[in-house]
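See below for the structure under consideration.
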Amino acid sequence: MDSTFFILQILIYLLPKVNSLNFSYPSVFIFGDSNSDTGGLAAGIAFPVGPPNGQTFFQEPAGRFCDGRLIADFLMDAMDLPFINPYLDSVAAPDFQNGCNFATGGSTVLPAKANAISPFSFGIQVAQFIRFKARVLELLANDKKLQEYLPSQDSFGQGLYMIDIGQNDIDGAYYSKSDSQVLALIPTILSELQNGIKKLYEEGARNFWIHNMGPLGCLPRIIAIFGKNTSKLDELQCVGSHNQAAKLFNLQLHALSADFQAEFPEAKVIYVDIYSIKSDLIANYSQYGFKQALAACCGYGGLPLNFDTRIACGETKVLNGTMVTAGACSNTIEYVNWDGNHYTEAANQHVSSQILSGKYLDPPPNVDLHFS
């Protein structure tokens, strides 16, 4: 292994541990899509998340659309908290003392359509949380021994509410709408998101981390489908229309966050600029020790994208008369993208370290990232 790359990876690993920010919450409640899903879709609809997913860290599939840990997992590590269990996993270890993950792959902000991968839209996730909280308080009132497995009443108000959703709304819209129609849909998406956040506030939530949308047009799947005409590509060699939509979504999401903070001064709303972190990573990938910015590690077809819409990561099937497998690359830490749609553990680790540096948070932290 290249020594410079090895040193860079060690530094990235250590950054969350040695950052000067006091990032600490008693519990975390996560809402979102596959970027944050730790097993919800696999449990909820038996969606197949098989090998090689999970191979880097868990050595087996762990419900995550990744070779290892997600951004949310690294943030839990930074707080010395265990990974947050998915709400829908009925046969996992029944431990929700430090929070609950309602995120599911494929989820949208707007109510799910009949043909959607996930029926668990943001509104459903919020409703699940409300039921979860009510049930927890009911159980704790009857049996104090359950405090070992369930969040305390105080932790609902002191906990962190992490929200990362909206990508699938924009992504899906492009398959049936024009650029202008997609952009016109954004206020409707954000209105639904705002309604859900207000419901969480009414339930006692006070600490919000709202992640903006990453550069959607830089996903290998999007480039393979919408970027065949090179005139459609931007300076990152990503699909410009999708990235512009993400930027407009983020601009309005930023305004929503500021307006919500002004309307509810008791809340602490942190806007997390994922777009800037990921676009910087893709633009300067070699400086961060990566060798491939836009190719999928787990895919089929070879460079430059190693992605074929006919076969998903881990699948084996006959293509053009030949049995082929979409397998993983030999060294996942060299790749930013995992499967054409999601990032590798190495990329998630980098993104997490940048989040924890405080440089991409608005308002920027003084030192203390713990609000209560």
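Considering only the stretch 212-241, state which residues are assigned to a helix (DSSP H, G or I) and within 23 Å of the chain's Cα centre (by Cα).
L216, G217, C218, P220, R221, I222, I223, A224, I225, F226, G240, S241
With the requirement that a residue be touching a His at 6+ places or on another chain (Cβ under 7 Å) and modelled with pLDDT under 95, what does the stretch 282-324 give you? Step through it out loud before you land on a result.
Let us first name the residues in the stretch 282-324 that are touching a His at 6+ places or on another chain (Cβ under 7 Å), namely 288.
Within the stretch 282-324, no residue meets the criteria.
Just one of (1) without any contact (Cβ under 8 Å) to a residue 60 or more places away in the chain; (2) touching a Gly at 6+ places or on another chain (Cβ under 8 Å); (3) surrounded by 21 or more Cβ atoms within 10 Å (Cβ to Cβ) trips up P364, so point out which.
Unmet for P364, out of (1) without any contact (Cβ under 8 Å) to a residue 60 or more places away in the chain; (2) touching a Gly at 6+ places or on another chain (Cβ under 8 Å); (3) surrounded by 21 or more Cβ atoms within 10 Å (Cβ to Cβ): (3).
In this structure, does L146 turn out to be surrounded by fewer than 22 Cβ atoms within 10 Å (Cβ to Cβ), more than 28 Å from I355 (Cα to Cα) and either touching a Cys at 6+ places or on another chain (Cβ under 8 Å) or at pLDDT below 95 (or both)? Show your work before the answer.
Numbers: surrounded by fewer than 22 Cβ atoms within 10 Å (Cβ to Cβ): yes; more than 28 Å from I355 (Cα to Cα): yes; either touching a Cys at 6+ places or on another chain (Cβ under 8 Å) or at pLDDT below 95 (or both): yes.
Judged against the criteria, L146 is a match.
V269 passes all but one of (1) among the β-branched types (V, I, T); (2) crowded, with 16+ Cβ neighbours inside 10 Å; (3) under 28 Å from F57 (Cβ atoms); which number fails?
Among (1) among the β-branched types (V, I, T); (2) crowded, with 16+ Cβ neighbours inside 10 Å; (3) under 28 Å from F57 (Cβ atoms), the lone unmet condition for V269 is (3).
Out of the residues in the stretch 12-61 meeting the condition of being outside any helix (DSSP H, G or I) and aromatic (F, W, Y), tell me which one is modelled with the lowest pLDDT.
Once the filter is applied, the top-ranked residue is F23.
For the stretch 299-335, give me each residue that is surrounded by fewer than 24 Cβ atoms within 10 Å (Cβ to Cβ), within 24 Å of the chain's Cα centre (by Cα) and among the hydrophobic types (A, V, I, L, M, F, W, C).
Within the stretch 299-335, L305, I311, A312, A328, C329, I333 meet the criteria.
Residue check: is G166 under 23 Å from A114 (Cβ atoms), buried (at least 22 other Cβ atoms within 10 Å of the Cβ) and in contact (Cβ under 8 Å) with a residue 60 or more places away in the chain?
Yes: the conditions hold for G166.
Any chance the stretch 201-211 includes a residue that's assigned to a helix (DSSP H, G or I) and either surrounded by fewer than 20 Cβ atoms within 10 Å (Cβ to Cβ) or at pLDDT 95 or above (or both)? Steps first, please.
To start, the set of residues in the stretch 201-211 that are assigned to a helix (DSSP H, G or I) comprises 201-202.
Going one step further and asking which of them are either surrounded by fewer than 20 Cβ atoms within 10 Å (Cβ to Cβ) or at pLDDT 95 or above (or both), we end up with 201-202.
Yes - at least one qualifying residue is present in the stretch 201-211.
Answer with yes or no whether G340 is buried (at least 19 other Cβ atoms within 10 Å of the Cβ) and either of a type outside the set (A, V, I, L, M) or part of a helix (DSSP H, G or I) (or both).
It is true that G340 is buried (at least 19 other Cβ atoms within 10 Å of the Cβ) and either of a type outside the set (A, V, I, L, M) or part of a helix (DSSP H, G or I) (or both).
Are there strands (runs of 3 or more DSSP E) fully within the stretch 285-325 with at least 1 residues that are among the small types (G, A, S)? List them.
Ranges flagged: 292-296.
Taking S121 as the residue in question, decide whether it is out of contact with any Gly (no Cβ under 6 Å at 6 or more places or on another chain), among the small types (G, A, S), more than 19 Å from K199 (Cβ to Cβ) and touching a residue at least 12 places away in the same chain (Cβ under 8 Å). Give the derivation first.
On the way: out of contact with any Gly (no Cβ under 6 Å at 6 or more places or on another chain): yes; among the small types (G, A, S): yes; more than 19 Å from K199 (Cβ to Cβ): no; touching a residue at least 12 places away in the same chain (Cβ under 8 Å): yes.
No: the conditions fail for S121.
The values are calculated or read from the model by the stated rules, or taken from the named source; none is laboratory data. Note that the coordinates shown come from a computational prediction; the quantities given were computed from them, not determined experimentally. Glycine also receives a Cβ, built like all others from the backbone with ideal geometry; neighbour counts cover every protein chain displayed.
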